[in-house]
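Read-outs throughout are calculated quantities, based only on the coordinates presented, and are distinct from any laboratory measurement. Predicted model, so just to flag it, every value in this text is computed and none were measured. A quick note on method: Cβ atoms are made from the backbone with ideal geometry, for glycine too, and the neighbour counts reach across all protein chains shown.
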Amino acid sequence: MSKYSHDTVVPLKNSELTKKEQVAGMFDNIAFRYDFMNRFLSGGTDIIWRKKLINQLKEVNPQHILDVATGTGDVAIMTLQALKPEKITGIDISGGMLEIGRKKIAKLLLNNKIELLQGDSEAINSPDHSFDAVTVAFGVRNFENLEKGLSEIHRVLRPGGKLAVLEFSKPAGWFRWVYNIYMDLVATRLGKWLCRNREAYQYLHSSVKAFPEGKTFLHILQQVGFYETSLNRLSLGICTIYCGRKQV
């Protein structure tokens, strides 16, 4: 499996822990404010982005869905409400994020429809062809080995199934300058103030800069076996939706 520069971007440069271990610990530490920070830093636009992601799956009418890097379960809950599938399984490496997600799901009385499990995107504990669709919202950037994670997703998709990925990207033109100032000066300081964790939001910016976005990411999807790949940039390029299908 090829390595990409983003695979080596980690929250703590001097740590001996692997990227996977560092990312899990980072999200454990900020889990208590994660949902609030998403709404606050995006002005609520992240909800619109997630809805657009979910809309990409309507054409395949999926009944069994895997939500990779599910976090606190927002996409899983929104997907159930929008598409009414039989079952959604969410996996994440952060136990802290999953704990909050399970409480949200229990409060909504959705335990019979949504199951959140601690799991690794690069070693998904499901048989081949288990899911009609897979979603990943703001998670592929955190994979320790991007190709390995995408290959695992391809393995557990049924033939004809669809992958929909939502990920941060780098805006183009004049807006990139504004965006960089916001991320460097505003987001990292707010992260330190509200979550007591500046490193998490500095890592966010660094990993976005290094991520192989756009047509490069589509090429990676094609390399691991996806076809009918496409991308759709949102909000002046702040984030992008990528889609791919598994051959029948």
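Being outside any helix (DSSP H, G or I) and closer than 24 Å to ASN61 by Cα is the filter here, so list the residues in region 93-114 that pass it.
Residues of region 93-114 that are outside any helix (DSSP H, G or I), as a first pass: 93-94, 108-114.
LEU108, LEU109, LEU110, ASN111, ASN112, LYS113, ILE114, listed by residue number.
Which members of region 75-88 meet the condition of being under 15 Å from ALA164 (Cα atoms) and not aliphatic (A, V, I, L, M)?
Selection gives THR79 alone.
Going by what's in this entry, would ASN29 be described as on the phi > 0 side of the Ramachandran plot and in contact (Cβ under 8 Å) with a residue 12 or more places away in the chain?
no
Name the residue that is surrounded by the fewest Cβ atoms within 10 Å (Cβ to Cβ), counting only residues in region 1-49 that are of a type in the set (Asp, Glu) and not in a loop (DSSP other than H, G, I, E, B). Break it down stepwise before answering.
Let us first name the residues in region 1-49 that are of a type in the set (Asp, Glu), namely 7, 16, 21, 28, 35, 46.
Checking the rest, the ones that are also not in a loop (DSSP other than H, G, I, E, B) come to 7, 21, 28, 35, 46.
Details: ASP7: 22, GLU21: 14, ASP28: 16, ASP35: 18, ASP46: 22.
So, considering only residues that are of a type in the set (Asp, Glu) and not in a loop (DSSP other than H, G, I, E, B), the one surrounded by the fewest Cβ atoms within 10 Å (Cβ to Cβ) is GLU21.
Return only the number of the condition from (1) crowded, with 16+ Cβ neighbours inside 10 Å; (2) over 17 Å from the mean Cα position of the chain (by Cα) that GLU228 does not satisfy.
If we test GLU228 against (1) crowded, with 16+ Cβ neighbours inside 10 Å; (2) over 17 Å from the mean Cα position of the chain (by Cα), just (1) comes out false.
For region 17-56, which positions are in contact with a Ser or Thr (Cβ under 7 Å, 6 or more places away or on another chain) and among the hydrophobic types (A, V, I, L, M, F, W, C)?
ALA24, PHE27, ALA31, LEU53, ILE54
Among the residues of region 65-85, what is the count of those that are over 17 Å from ALA106 (Cα atoms) and not in a strand (DSSP E or B)?
Of the residues in that region, 5 qualify.
Would you call ILE54 without any contact (Cβ under 8 Å) to a residue 40 or more places away in the chain and either surrounded by 21 or more Cβ atoms within 10 Å (Cβ to Cβ) or in contact with a His (Cβ under 9 Å, 6 or more places away or on another chain) (or both)? Outline the logic, then answer.
Details: without any contact (Cβ under 8 Å) to a residue 40 or more places away in the chain: no; either surrounded by 21 or more Cβ atoms within 10 Å (Cβ to Cβ) or in contact with a His (Cβ under 9 Å, 6 or more places away or on another chain) (or both): yes.
Spelling it out, it is not the case that ILE54 is without any contact (Cβ under 8 Å) to a residue 40 or more places away in the chain and either surrounded by 21 or more Cβ atoms within 10 Å (Cβ to Cβ) or in contact with a His (Cβ under 9 Å, 6 or more places away or on another chain) (or both).
Would you mind stating whether LEU53 is in contact with a Leu (Cβ under 6 Å, 6 or more places away or on another chain) and part of a helix (DSSP H, G or I)? Before the answer, list the steps.
On the way: in contact with a Leu (Cβ under 6 Å, 6 or more places away or on another chain): yes; part of a helix (DSSP H, G or I): yes.
So LEU53 fits the description; yes.
Within region 134-154, track down each residue that is touching a Gly at 6+ places or on another chain (Cβ under 6 Å) and either within 27 Å of GLN202 (Cβ to Cβ) or crowded, with 24+ Cβ neighbours inside 10 Å (or both). I'd like the intermediate steps shown before the answer.
The initial filter retains those residues of region 134-154 that are touching a Gly at 6+ places or on another chain (Cβ under 6 Å), namely 143, 154.
Answer for region 134-154, where residues must be touching a Gly at 6+ places or on another chain (Cβ under 6 Å) and either within 27 Å of GLN202 (Cβ to Cβ) or crowded, with 24+ Cβ neighbours inside 10 Å (or both): just PHE143.
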